[in-house]
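What follows is a single structure, written as C-alpha cells, with notes after it.
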Amino acid sequence: MSWSSSFDRPLHLNGLILRCIVPLVFACGVIPTDIGEDQTTKPNIVIILTDDMGYADLGCMDSEISTPHIDQIASNGLLFTHCYNASRCCPSRASLLTGLYQHAAGVGFMVADYGTPAYQGFLNDRCLTIAEALSPRGYATNMSGKWHLGGHIEQWPDRRGFERFYGLPDGGGVYYYPYKFRDRPLFKNGEPTEVDTTSFYCTDDFTTAAIEFIDQSHSEDKPFFLYLAHIAPHFPLQAWPEDINKYKDMYDDGYAAIRASRFTKQKQLGIVQKDIDLSPLDYADWSTVDTASEAFKMAVYAAQVDRLDQNTGRLTTHLQSLNILANTLIFFLSDNGASAEEINESPQGEVGTRYCFESHGKSWANVSNTPFMKYKKYEHEGRIITPLIIHWPRGISTENRLVHAPVHIIDIMPTILDIAEVQYPAEQQGKMLLPLDGRSFLPLLKGNELQDEAPLFWEHRGNKAVRSGSYKLVNVHNDDWELYDLSIDPVESNDISYVNTGLVDSLQNLWNGWAQAKGV
C-alpha cells in the first residue's frame with residue numbers, strides 16, 4: 001500500500017502551530033457510494049472503539065499488520081493523526097460517551113468508588129451519554145462489547161440510554177468461554193446469556209450482535225447509534241490459529257527492525273514530519289531475549305488486530321448490503337496507547353490459546369506506539385494519542401485526507417450532536433447537567449479550520465499534563481514538570497522547561513485551576 005502525501009507549511013493560529021490538512025492517495029479499494037438513499041434522513045452513527053491498541057498498529061498508520069478494511073474506510077474518509085484520549089479504558093469511555101473530562105463524569109480513575117464525586121467509579125447523574133441525547137430524537141440506540149463504566153445493574157448501559165446491549169458490564173480480558181482467569185458473565189438486554197464455547201471469540205461475537213442490532217434498528221425505519229466497544233487487542237494474547245499463522249515469521253528480526261520500518265513509512269506517508277527523530281528506544285536487546293517466544297507473542301498480538309479488521313469489514317459490508325453505508329458516520333479509535341504491562345498469569349499455558357493469560361510486554365508496546373514515548377497510564381503522547389478514522393461519504397466533502405489538527409475524545413459527542421442536529425439539554429430528569437467540556441470539530445470534516453483552540457488537560461494516577469497551543473507540560477507522578485514544543489518535537493525528546501520557566505509556571509497554574517474545578 002502506498003500513499004502520496006507531503007506536509008504543507010505550518011499554520012499559525014493563536015499561538016498554535018497546526019499542520020495543514022494533507023491529501024492522501026490510497027492504493028486500496030474504494031467503498032462504493034450508496035445509491036438511492038433518502039437524502040433527508042439523519043445519519044446513522046457508529047463508534048468502533050478498540051482497547052490498548054498502539055498508535056502505529058494499523059496498516060494506514062504504517063504497520064506491517066494487515067488491516068485492509070480499516071485502511072479502506074480511512075482512504076474514503078479522514079484520518080486524524082492527533083486525536084487525544086483520556087489515558088485509560090474507563091476514563092476514555094466516560095469522556096467519549098459524555099463529552100466531559102472523566103472526572104466531571106464521575107470516572108476519574110477506574111470503577112472502584114474512592115469516596116469523592118470525581119472518583120465514584122460510574123457515570124454520575126450530571127452527565128448525559130450520547131445514547132441518552134439521541135434516543136429522544138428518534139434514534140435507536142445500541143451497544144455491543146465492553147461497558148466498564150459501572151458494574152452494578154443500575155449503572156449498566158440500558159440505564160444510560162441504550163435500548164439494546166450485548167456484552168460485558170464489567171471489564172475485558174475475555175476472548176473465549178469458558179474462562180478460568182476472569183469472572184466476566186455476558187448479558188444481552190439485561191439477561192445472562194449462554195454462548196457456543198466452541199465458536200465464541202469476543203471480537204467476532206460482539207460484531208455479530210452489532211449487526212443484529214443494526215438489522216433491528218433498520219427494520220424499525222429509524223436512524224441508529226451503535227457503540228461497538230471491543231476488548232481487542234488488550235491482553236491476554238489469544239487469537240484464532242489461522243490468524244496467528246499469517247504472522248508466524250514476521251517478527252523474527254526483532255523490536256528495532258520493526259520499529260524502524262514503521263517510522264520510515266510514517267515519514268514517507270506523511271503521518272509524522274520528515275525532519276524529526278524517533279523517540280528514545282525502550283526495549284530489550286534482541287540478542288538477550290528468547291527471540292522465538294518474543295516473536296510469537298507479537299504474532300499473536302498482530303492476529304488480534306487482524307481479527308478486528310476482519311470484523312470491521314463484516315460490519316461495513318453489511319451496511320453496504322442495506323444500502324446505508326454512505327449515510328453512516330463511522331468513528332474508529334482506541335481508548336489509549338499500547339500497554340507496557342508485563343503480565344503472565346499462566347506460565348504453563350500456550351501463548352495464543354484460551355489457556356494463556358499473557359501480554360506482549362513493554363518492548364513490543366514501544367514498537368506499537370511508534371514514534372512516541374511512554375505507554376498506557378502515562379500522559380506522554382504514546383499513551384494519550386490515537387489515530388481517529390472518520391468515514392461518512394454523505395457528509396465529508398473531501399475524502400482521502402490526513403488531519404493533523406489536535407482533537408480530543410471529549411469532542412466526539414459534541415460533534416455527533418452537531419451533525420445530528422440535537423441540542424444538548426440544560427437538565428435531565430430534574431438534574432442540572434454539566435456543560436460539555438468538548439466542542440464540535442465538524443468544520444474539520446468539511447475541510448475548514450477550527451478557531452480558538454482551547455487548552456487540553458489530563459490526569460491519571462497522579463500523572464498529569466496540559467497542552468496549550470503547541471506547548472505541552474507533562475509530569476510523571478510528582479516528578480519535575482517537563483515542557484515540550486510539539487510543533488518541532490512531537491515525540492517529546494527535548495525537555496525545554498529549564499529555559500522556559502515562566503511558561504512552565506503559567507501552564508502549571510492553568511492545570512491547577514482545571515484540576516480544582518474538576519475535583520482532581
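Scanning region 453-485 for residues that are of a type in the set (Phe, Trp, Tyr) and within 13 Å of GLN508 (Cα to Cα), which turns out farthest from the chain's Cα centre (by Cα)? Residue satisfying both the conditions and the ranking: TRP481. Looking at region 402-413, is at least one residue of a type in the set (Asp, Glu), touching a helix residue (DSSP H, G or I) at 6+ places or on another chain (Cβ under 8 Å), closer than 27 Å to LEU315 by Cβ and assigned by TED's automatic domain parsing to the domain that holds GLN273? Within region 402-413 (the criterion being of a type in the set (Asp, Glu), touching a helix residue (DSSP H, G or I) at 6+ places or on another chain (Cβ under 8 Å), closer than 27 Å to LEU315 by Cβ and assigned by TED's automatic domain parsing to the domain that holds GLN273), the answer is no, since none of the residues qualifies.
Yes/no matrix, rows are residues, columns are (1) among the polar types (S, T, N, Q); (2) outside any helix (DSSP H, G or I); (3) modelled with pLDDT of 95 or more:
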position	(1), (2), (3)
THR203	yes, no, yes
THR207	yes, no, yes
ILE214	no, no, yes
PHE225	no, yes, yes
VAL272	no, yes, no
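Yes or no, residue by residue, for (1) over 20 Å from PRO455 (Cα atoms); (2) crowded, with 21+ Cβ neighbours inside 10 Å; (3) touching a helix residue (DSSP H, G or I) at 6+ places or on another chain (Cβ under 6 Å):
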position: LEU325; (1), (2), (3): yes, yes, yes
position: SER334; (1), (2), (3): yes, yes, no
position: GLY337; (1), (2), (3): yes, yes, yes
position: ASN344; (1), (2), (3): yes, no, no
position: GLU350; (1), (2), (3): yes, no, no
position: PHE357; (1), (2), (3): yes, yes, no
position: TRP364; (1), (2), (3): yes, yes, yes
position: THR370; (1), (2), (3): yes, yes, yes
position: LEU388; (1), (2), (3): no, yes, no
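Here is a list: PRO347, PRO387. Which entry is under 23 Å from ILE47 (Cα atoms) and either modelled with pLDDT of 95 or more or outside any strand (DSSP E or B) (or both)? Selected residue: PRO387, the only one of PRO347, PRO387 that is under 23 Å from ILE47 (Cα atoms) and either modelled with pLDDT of 95 or more or outside any strand (DSSP E or B) (or both).
May I ask you to verify whether GLU482 is of a type in the set (Asp, Glu), touching a residue at least 24 places away in the same chain (Cβ under 8 Å) and surrounded by 12 or more Cβ atoms within 10 Å (Cβ to Cβ)? No, not satisfied. Residue pairs whose Cβ atoms lie under 6 Å apart, sitting 6 or more positions apart in sequence or on different chains, and linking a residue in region 210-237 that is more than 23 Å from GLN304 (Cα to Cα) to a partner that is modelled with pLDDT of 95 or more and hydroxyl-bearing (Ser, Thr, Tyr), are PRO223/TYR139; PHE224/SER217; PHE225/TYR139; PHE225/THR141. Quick one: is ASN85 modelled with pLDDT under 95 and assigned by TED's automatic domain parsing to the domain that holds TRP147? When the stated conditions are applied, ASN85 does not pass them.
The values are calculated or read from the model by the stated rules, or taken from the named source; none is laboratory data. Everything numeric in this text was worked out from a predicted model, so none of it was measured. So basically every Cβ, Gly included, is an ideal-geometry build from the backbone, and we count neighbours across all protein chains shown.
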